[in-house]
Amino acid sequence: MKYVLVTGGAGYIGSYICKLFYDKGYIPVTFDNLSLGNKWSVKWGPLEVGELCSENDLQKLFEKYNFMGVIHLAALSNVSESVNNPSIYYKNNVIGSYNLIEKMIKFNVKNIVFSSTAAVYGNPIHSPICENHPTQPINPYGDSKLTIEKLICNYSKCHELNFVILRYFNVSGSDFSNNLGEAHLPETHLIPLALEAAHQNTIFKIYGDNYQTTDGTCIRDYIHVKDLGNVHLLSFEKLNSSKVNQIINVGGGKGYTVYEIIKYVKKITNLDLKTDVIKRRKGDPDILVSDISMSKNILSWEPEYSDVEQVISDSWEWYKYYKTLSQS
Ligand code: UFG
């Protein structure tokens, strides 16, 4: 059986990855503590509820399945929360990953695709950002991910561990035809919150307009969840065919300010969206835009769905569907 462990497989990105792997003939085994993920989104393989911080939960999991590799997504990923409560980030993200990788070594599971983040770069010195740009995270979330990256790289030098580390930029969009999309509680991300404010006719709060950017609001690079999912599949297949050890940026390769996103949200929803500028959120870098040449060269991957209007439009379709569902 082609079992692939997907930690965090009950989450927004993880559930879409499970679907893709299932379609390709793998059996994705979701390992999730369901603190942020949803049971209903695990539809393409077994769900094993457990904690990465529990060595015992992991031991039972690895005894039960003979995994051909691991897609490691499970993590806390809220920048502002990490600034206010760093300890849970180091515990969940770093200690959880350490336990997982130790178990991989023990059970001779050699391949890992690790979900990292553009937050490892901090405030970029140049833009777009390539993978050898200095890493100087400005928040504990980014630092926890960078620590795990280092752990994986160092382990791979003395154990049979092959890796692709994917540094995500801003993920949005949905696979609404398969009823998969963002359902975070609480929601903190720009696109779903702006759609919600437009739909509910509430005021959308912009975190600061005095950044060093064209209109003063932060610039981010948005990637469609379908494109992100494809990168995981390509990375996993690459690991199985050759021993690549690689760090790869995953973004759309273009940057948009918060005001630009708001303009697109108004256009796509055909609704008004009132905004108010409040003080900066802690830990937000001015600009994060990816150079995606590495993913093109190594994985022959190019974004197909990440046109920003398509990203917002698919998020909007999902928002309307999920709203109706949660009200019924
Ligand atoms: N924003 C607002 N108002 C909101 C929500 C967001 O103005 O209500 C702004 C943020 O300040 C930021 C931009 O919209 O400038 C995007 O914010 P998101 O919360 O959607 O995304 P982040 O850029 O904070 O987070 C992403 C990834 C993280 C990654 C981080 C790097 O989700 O994994 O980029 O800073 F770590």
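Laboratory data are not the source of any read-out in this text; all were calculated from the coordinates shown. These numbers come from a predicted model, not from an experiment. Backbone-built Cβ (ideal geometry, glycine too); neighbour counts: all protein chains shown.
Odds and ends about this structure:
- Taking 0.36 nm per residue of separation and subtracting the Cα-Cα distance, full extension of the segment from K243 to Y22 would add 77.2 nm.
- At R0 = 25 Å, FRET efficiency that the Cβ-Cβ distance of D276 and T214 yields, to 0.05: 0.75
- Cross-link partners for K279 among the aspartates and glutamates, with Cα-Cα distance under 13 Å and sequence neighbours closer than 8 places in the same chain left out: D209.
- In the chain, the sites counted are GluC sites (Glu not before Pro) in DSSP loop states with at most 15 other Cβ atoms within 10 Å, and the longest stretch holding none of them, exclusive of the sites, is 1-159.
- Helix 308-327 axis, angle to the chain major axis (alpha carbon atoms, nearest 10°): 80
- If R0 is taken as 51 Å, the Cβ-Cβ distance between L325 and N132 corresponds to a FRET efficiency of 0.70.
- With all pairs of separate Cα atoms included, the stretch 243-320 yields a Kirkwood hydrodynamic radius of 15.2 Å.
- Across the stretch 58-169, the mean sequence separation of Cα contacts (distance under 8 Å, 6 or more residues apart), normalised by length, yields a relative contact order of 34 percent.
- Along its three principal directions, the equivalent ellipsoid of the stretch 119-178 from the Cα gyration tensor extends over semi-axes of 23, 20, 11 Å, largest first.
- Inter-label distance, nm, simple model (7 Å from Cα along the C-beta direction), K2/T202: 4.4
- Diffusion coefficient, µm² s⁻¹, Stokes-Einstein with Kirkwood Rh over alpha-carbon pairs of the stretch 168-319 at 37 °C and 0.692 mPa s: 200
- Helix 190-200 axis, angle to the chain major axis (alpha carbon atoms, nearest 10°): 50
- Using 0.36 nm per residue and subtracting the Cα-Cα separation, the extra length available between E304 and Y259 on full extension is 13.8 nm.
- Largest-first principal axis extents, alpha carbons of the stretch 1-102, Å: 42, 26, 18
- Overall size of the chain from C-alpha positions, given as principal axis extents largest first: 55, 48, 38 Å.
- Degrees between helix 12-23 axis and first principal axis of the chain (Cα, 0 to 90, nearest 10): 50
- For the stretch 241-328, with +1 on Lys and Arg beta carbons and -1 on Asp and Glu, the positive-most of V277, V308, S328 along the dipole: V277
- Point-to-point label distance, I105-E187, nm (Cα→Cβ direction, 7 Å offset): 4.2
- The calculated P(r) of the stretch 277-318, using every Cα pair and 10 Å bins from 0, goes 21, 28, 40, 10, 1 in percent.
- Taking every DSSP bridge with both residues inside the chain, close to 5 percent are antiparallel.
- Among the listed pairs K2/K243; K19/K254; K103/K150; K2/K91; K39/K323; K60/K238, a Cα-Cα separation exceeding 24 Å is found for K19/K254; K2/K91; K60/K238.
- Considering only the stretch 102-256, percent of DSSP beta bridges that pair antiparallel, nearest 5: 10
- With contacts taken as Cα pairs under 8 Å and at least 6 residues apart, the stretch 214-328 reaches a relative contact order of 41 percent.
- For the chain, calculated [θ]222 nm from helices alone, where every DSSP H run of n ≥ 4 adds -39500 (n - 2.57): -12000 deg cm²/dmol
- Distance from the stretch 63-136 to the stretch 174-235 (C-alpha centre basis), Å: 21
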